[in-house]
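The values are calculated or read from the model by the stated rules, or taken from the named source; none is laboratory data. Given the structure is predicted, the values throughout are model-derived calculations rather than measurements. Quick reminder, even Gly has a Cβ in these numbers, built from the backbone with ideal geometry, and neighbours come from all protein chains shown.
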Amino acid sequence: MSRIVDSIYNIRLLDDLARKDTVIHRIHPVPKLLATIVYLIVVVSFDRYEISGLLPFVMYPMVLILLAELPAKPILKRLLMVEPLIIGIGILNPIFDPRGWTTFSSIMIKSGLTVTTCLVLVATTGLDQIAQALRTIKVPSLFVLQLLLAFRYISVLIEELARMLRAYALRAPRQKGIRLKDSGSFAGQLLLRTLDRAQRVYDSMRLRGFSGEYHSYGKSTIKEKDLLYLLAWSLFFIAGRTYDLPAILGYLVEEAISR
Amino acid sequence: MHMADALISPIVGGAMMAATVGTAAYSIKKIQNDLDDKKIPIMGVMGAFVFASQMINFSIPATGSSGHLGGGLLLAIILGPYAGFLTISSVLLIQALFFGDGGLLAYGCNVINLGFYTCFIAYPLIYKWITRKGLTSGRIFGASLISAILGLQMGAFSVVLQTLFSGKTELPFGTFLLLMQPIHLAIGVVEGLVTATVVTFIWKARPEILESSAAGKAMGSISIKKVLTAILVTTLVVGGVVSWFASSNPDGLEWSMERTAGTAELESSGSVHDLLATIQSKTAWMPDYNFKTVTEDGVNSYTGTSVSGIIGGGLTLGLAGLIGLMISVFKRKKPKALEKQ
């Protein structure tokens with residue numbers, strides 16, 4: 001039960017963090033989204049044996065977390081939650097390849113970087129602004145609208161679910177989960193309640209003038225500093241992809257010492 | 001069974017994303033023709049339902065394990081394939097953004113694996129076929145069970161293909177397949193049972209919900225051929241063209257740089273570039289994705305680790321930590337007025 005209540009808190013947390021007002025939060029959502037996409041493509045494009053070249057890419061999520069004053073703990077916790085699947089597939093590499101541990105480490109670093117960066121994007125932008133960015137890049141309003149609605153109603157339905165689970169648990173003491181034979185009526189009831197709720201939601205939206213369009217209130221335009229942000233990070237990512245920066249650093253230091 | 005960013009290559013991710021965008025655009029066009037605007041809130045709230053329902057654990061008798069509802073098929077059955085596909089897409093986007101379940105680059109892969117097969121193959125070809133002579137609770141149960149199992153099998157097979165095409169695993173194709181398919185058969189049976197009991201319950205409680213979607217009202221008729229052709233063409237075009245460019249140039253990124261900058265290497269005239277080039281050739285300890293086997297300049301033939309590589313790696317992390325420290329010190333000096341918002 002507490003797990004369910006926790007999940008409501010968890011879902012809200014990143015969106016709440018996005019309401020902060022820091023240097024990073026103030027950057028226009030479109031360049032922020034694009035910078036993250038460039039980052040992801042560059043990180044993922046590294047060969048499977050690459051380790052050292054990936055290290056400079058720690059900078060991006062780290063600088064963002066610090067500048068945006070995000071708490072590191074919940075983000076790391078989420079990262080740990082998705083790791084098992086990646087470990088599951090990655091761990092088989094060492095069995096089939098003598099250099100498999102290199103591949104495994106490379107996959108682990110990549111997953112750490114990509115997952116953290118995604119979460120940081122939401123925590124500094126928020127779903128409303130991401131939706132606006134999606135509209136700006138011409139994603140149809142139908143999709144954006146139902147994305148926002150789905151997100152909005154997740155916590156409502158989870159509260160509903162928590163009430164149903166509590167009622168079930170009180171009538172079925174010492175039982176883990178829900179019996180399979182009850183699954184139809186249990187999930188089915190939730191589904192019926194959901195559909196009824198959707199009807200009420202639709203009715204109240206109509207009363208407030210909904211006509212199938214997505215409107216957002218006033219949004220700033222992309223300014224020079226936003227473009228500069230995108231450009232600077234992209235240059236860094238491309239430099240990091242083209243040159244093995246840690247190796248260069250190591251070489252320079254080695255030369256300096258030997259002189 | 002979400003694909004993760006770390007397990008795919010940009011080409012596979014891009015091809016799958018193109019296929020997703022194509023299918024989604026087609027679905028939007030399809031439902032906009034005959035959509036009453038009521039569908040939008042229903043889709044949204046149903047997306048939230050799938051999300052919430054996946055938190056219910058149904059205990060499987062005598063195994064001690066548990067399973068949950070599969071989303072894509074149920075959405076297709078209730079909303080029709082097009083609206084169902086769009087709804088599962090938005091659920092997957094929320095999962096990717098807020099939970100890191102699958103990533104942004106792997107988003108296309110996940111929509112195809114978990115949404116496309118269930119909504120556009122399992123639903124129209126299996127579910128609709130079994131229930132073609134009218135709905136009965138027996139047919140509904142069987143149809144949901146079989147479509148859920150087969151939908152998940154196709155998704156699992158697709159995960160295998162995407163991982164192998166991305167070149168991120170050493171597993172031989174057959175071994176990987178033998179690992180993935182049986183696991184997902186077990187998961188699929190449970191998902192199928194839960195989905196089947198839920199759909200049967202809905203049929204008994206409120207048959208009109210299923211009847212309206214079965215009649216294809218407000219959902220658009222299914223022209224699976226068009227969707228399949230479109231998706232196949234986009235995947236092949238994007239995957240094929242990009243792979244061709246990528247293989248004729250050693251690196252996809254270099255190719256894109258060549259297009260934008262006119263040269264594969266970013267040329268800066270003068271000694272800085274020469275220095276960097278020398279350094280790179282000396283320090284690239286995995287040139288052309290192969291390990292140096294010679295042990296000149298301290299390269300270890302087995303792990304490919306060079307002394308300067310290790311020093312450099314450590315220094316990079318140290319430098320990153322230092323920058324981080326500087327930012328936090330700088331931040332702490334500033335008034336914290338805005339923090340308690």
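The table below lists the values:
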read-out: The stretch A:137-151 - residue that is more than 8 Å from every other protein chain (Cβ to nearest Cβ) and part of a loop (DSSP other than H, G, I, E, B) and, of those, farthest from residue B:82 (Cα to Cα); value: A:137
read-out: Of residues in the stretch A:1-48 being within 11 Å of chain B (Cβ to nearest Cβ), of a type in the set (D, E, K, R) and in a helix (DSSP H, G or I), the one nearest to residue B:107 (Cα to Cα); value: A:15
read-out: Residue match in the stretch A:213-227 (condition: buried (at least 19 other Cβ atoms within 10 Å of the Cβ), at pLDDT 80 or above and under 29 Å from residue B:95 (Cα atoms)); value: yes
read-out: For residue A:134: the one exception among (1) closer than 21 Å to residue A:19 by Cβ; (2) within 7 Å of another protein chain (Cβ to nearest Cβ); (3) not hydroxyl-bearing (Ser, Thr, Tyr); value: (2)
read-out: Any chance residue A:24 is β-branched (Val, Ile, Thr), closer than 30 Å to residue A:176 by Cα and assigned by TED's automatic domain parsing to the domain that holds residue A:99; value: no
read-out: Some residue of the stretch A:164-172 being within 8 Å of chain B (Cβ to nearest Cβ), surrounded by 15 or more Cβ atoms within 10 Å (Cβ to Cβ) and either more than 32 Å from the chain's Cα centre (by Cα) or farther than 19 Å from residue B:38 by Cα (or both); value: yes
read-out: Residue ID - farthest from the chain's Cα centre (by Cα), chosen from residues in the stretch A:84-125 that are surrounded by fewer than 19 Cβ atoms within 10 Å (Cβ to Cβ) and more than 9 Å from every other protein chain (Cβ to nearest Cβ); value: A:91
read-out: Boolean, residue A:81 is among the hydrophobic types (A, V, I, L, M, F, W, C), surrounded by fewer than 17 Cβ atoms within 10 Å (Cβ to Cβ) and not in a loop (DSSP other than H, G, I, E, B); value: yes
read-out: Failed criterion for residue B:106 (all others in (1) of a type in the set (A, V, I, L, M); (2) touching an Asp or Glu at 6+ places or on another chain (Cβ under 6 Å); (3) surrounded by fewer than 23 Cβ atoms within 10 Å (Cβ to Cβ) hold); value: (3)
read-out: Pairs with Cβ under 7 Å, 6+ apart, first in the stretch B:144-162 and within 15 Å of residue B:176 (Cβ to Cβ), second of a type in the set (Gly, Ala, Ser) and modelled with pLDDT under 90; value: B:153/B:188
